[in-house]
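Computed from the coordinates by the stated procedures, all read-outs in this text should not be read as laboratory data. The structure presented is a predicted model; accordingly, all values stated were derived computationally and were not measured. Backbone-built Cβ (ideal geometry, glycine too); neighbour counts: all protein chains shown.
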Amino acid sequence: MCRILLLLPEELVHSIFSYLAYRLEPRMHCEPPELQYEPDSTDILSLSLVNRQLRRISLPFLFASLRIRGLKDVKKLMDQGPLFSKYTKTLILRMLFLLDEGRMEILCQSLPHLKRLACVDIRSELNFTLLNALHEHPSVSTILVASTQKLPKGSVDLSKVVVKQSALSNPSHSWLVPRMERGMKVSQLLIRRPELFTNEFGLRTFEGLCELDLLMRHLPVTLSWLPEFTAAHPYLKKIRFIDERNDFFSRHTLPLTSSFVKEVSNKQLSDAYSTIRLSITRPAICSTSIEEWRVTGLTIIIRSSLIEILSLLYSSFPEIQTLRLEFAGRSTPGLAYHIDDVIAVLRLFSSLEILALHCSFKRLHFGRRKLWCALPRVGNTSQLEAPSAANIAEAGMLWYTSRFVQRIPSLQAFDIHEEAYYDEEFGCSGRWFVKGWLNVLNAPSGSREVVGTLNKT
């Protein structure tokens with residue numbers, strides 16, 4: 001690879017480094033699951049050791065992001081000052097409670113030397129001294145904070161602060177108003193009791209809002225305020241409807257899902273599934289009508305008729321990007337589905353990027369053939385014994401996911417969760433788990449491979 005890079009124009013090498021500088025990682029505490037890009041310097045660090053040319057090209061990527069977790073990292077910032085000063089754009093601060101007053105002062109005094117610093121992501125409590133230092137920095141435009149609880153108390157300037165998530169349980173958000181009047185922005189808003197919200201709430205504005213989560217309960221919800229609310233928030237791109245207790249979607253129907261619910265009812269399949277989470281995304285060109293938003297994420301519980309349910313989903317929501325399938329109850333031979341039949345339907349979803357499978361191993365089959373090979377386990381006497389149920393499930397899911405990616409070109413990742421009792425017949429003796437994320441790697445040969453490790457407990 002290095003020889004090829006040295007033969008390419010430098011502009012093209014820079015583009016390749018831009019691709020290598022990030023990796024897709026699962027977004028934490030997000031359901032349906034999503035992926036996001038995170039900085040990754042592993043490959044670029046190796047390439048920077050090849051020669052001076054690649055070293056020069058790699059430096060802006062290696063020092064673009066800086067993490068500080070304590071005094072040791074503060075000293076690193078001072079020792080490598082010229083490089084950080086020239087290239088660092090993002091500063092990630094964690095565990096600031098480890099810094100005493102003197103060390104915090106050293107950190108604040110170092111900030112002006114980061115000439116290109118634009119964003120500071122604070123993943124612990126933000127104190128008044130640091131907030132003032134960041135506000136005085138001329139190039140810093142964004143200070144990311146996890147929640148309002150992490151902000152210092154008092155009437156402080158919040159014009160650069162973006163709170164990642166804030167929650168409302170009541171339409172009257174008076175406790176947020178003073179902070180927003182001082183310039184605070186909110187990126188993600190969680191509404192805990194949407195049944196209390198009326199048209200008046202549609203007139204409220206939250207500067208910087210990108211995502212809206214509605215925690216649905218058993219009570220009916222009026223969304224008449226939503227069109228005006230979305231029109232007032234041009235950066236709002238995603239809305240999630242979360243039904244954790246399976247109380248809402250089993251009793252009520254949203255306008256966006258009415259056609260699907262009707263078709264399922266006509267096919268007498270209403271008892272075959274349950275919807276528990278739904279994500280909608282605003283198209284690039286969209287009027288104020290919420291009807292033009294698209295369903296792009298879905299979590300459903302499957303009890304039976306998987307192929308029929310997936311076919312109806314495609315008819316109603318062809319633009320799904322993330323799909324989570326949770327299989328309910330104990331597996332029975334009559335409720336197992338040939339993997340190629342499942343693939344035949346899923347490949348219709350041309351935008352499908354993430355497939356999450358929960359307790360699916362015994363619900364899939366490949367006829368009478370089992371082409372995976374589980375590793376044997378070491379017994380108490382150091383003798384090899386038959387593979388455990390967890391090892392068999394792990395091997396089977398790795399084989400199934402590999403078959404999925406060979407036939408569904410849009411897939412980028414899997415979220416796998418398998419669990420069962422050690423004694424499945426009587427449902428006792430504890431449980432085993434196999435879970436984790438698997439990513440799809442496009443190999444140089446043109447093939448697609450599943451990479452990653454599933455954790456077994």
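Quick notes on this one:
- Computed log₁₀ I(q)/I(0) - Debye formula, equal Cα scatterers, no solvent, the stretch 212-331, q 0.21, 0.23 Å⁻¹: -1.30, -1.51
- Rounded to whole Hz, the Karplus (6.51, -1.76, 1.60) HN-Hα couplings of the stretch 387-404, x for glycine and proline: x, 6, 4, 5, 5, 5, 5, 4, 4, x, 5, 5, 5, 4, 5, 4, 5, 4
- Hydrodynamic radius by Kirkwood, which averages 1/r over all alpha carbon pairs of the stretch 184-266, in angstrom: 13.7
- Dipole of the chain, positive end: most advanced residue of Tyr22, Val186, Ser224 [Cβ charges, Cα centre]: Tyr22
- FRET efficiency estimate (nearest 0.05) - Cβ-Cβ, Arg103 to Phe366, R0 56 angstrom: 0.40
- Links that overshoot a 28 Å alpha carbon limit, given the list Lys89/Lys164; Lys160/Lys237; Lys76/Lys153; Lys150/Lys238; Lys153/Lys185; Lys89/Lys150: Lys76/Lys153
- ³J(HN,Hα), Karplus 6.51/-1.76/1.60, whole Hz, each residue of the stretch 237-245, x for Gly, Pro: 10, 9, 10, 10, 10, 10, 10, 5, 9
- Across the stretch 152-168, computed HN-Hα scalar couplings (Karplus, 6.51 cos²θ - 1.76 cosθ + 1.60, θ = phi - 60°) run x, 7, x, 7, 9, 5, 10, 5, 9, 7, 10, 7, 5, 8, 9, 10, 10 Hz from first to last residue, x flagging Gly and Pro.
- Assigned charges on the beta-carbon of Lys, Arg, Asp, Glu; the chain dipole about Cα centre (debye): 820
- Mean separation of Cα contacts under 8 Å (6+ apart) over length of the stretch 67-156, as relative contact order %: 28
- Gain on full stretching of the segment that runs from Ser172 to Asp423 - 0.36 nm per residue minus C-alpha separation: 85.2 nm
- Note on Lys362: lysines with a C-alpha under 20 Å away, same-chain residues under 8 apart excluded, are Lys370, Lys435, Lys456.
- In a reduced charge model with +1 at each Lys and Arg Cβ and -1 at each Asp and Glu Cβ, the stretch 1-125 shows a dipole moment near 540 debye about its Cα centre.
- Summarising the overall dimensions of the chain from its C-alpha atoms, the Rg and Dmax are 25.5, 71 angstrom.
- Cα gyration tensor shape of the stretch 1-63, rounded if a/c is under 1.5, else prolate or oblate by comparing a/b with b/c: prolate
- Dipole orientation for the stretch 106-251: of the candidates Ala146, Ser124, Leu215, Ser124 has the Cα lying most toward the positive pole (charges on Cβ; Lys, Arg +1; Asp, Glu -1).
- Contact order for the stretch 139-252, expressed relative to its length and based on alpha carbon pairs under 8 Å spaced 6+ residues apart, stands at 21 percent.
- The residues neighbouring Ser351, those whose beta-carbon lies less than 14 Å from its own, together hold a net charge of -1 under the Lys/Arg +1, Asp/Glu -1 convention.
- In the chain, helical runs assigned H by DSSP with n ≥ 4 each contribute -39500 (n - 2.57); averaged across all residues and rounded to the nearest 500, the mean residue ellipticity at 222 nm is -8000 deg cm²/dmol.
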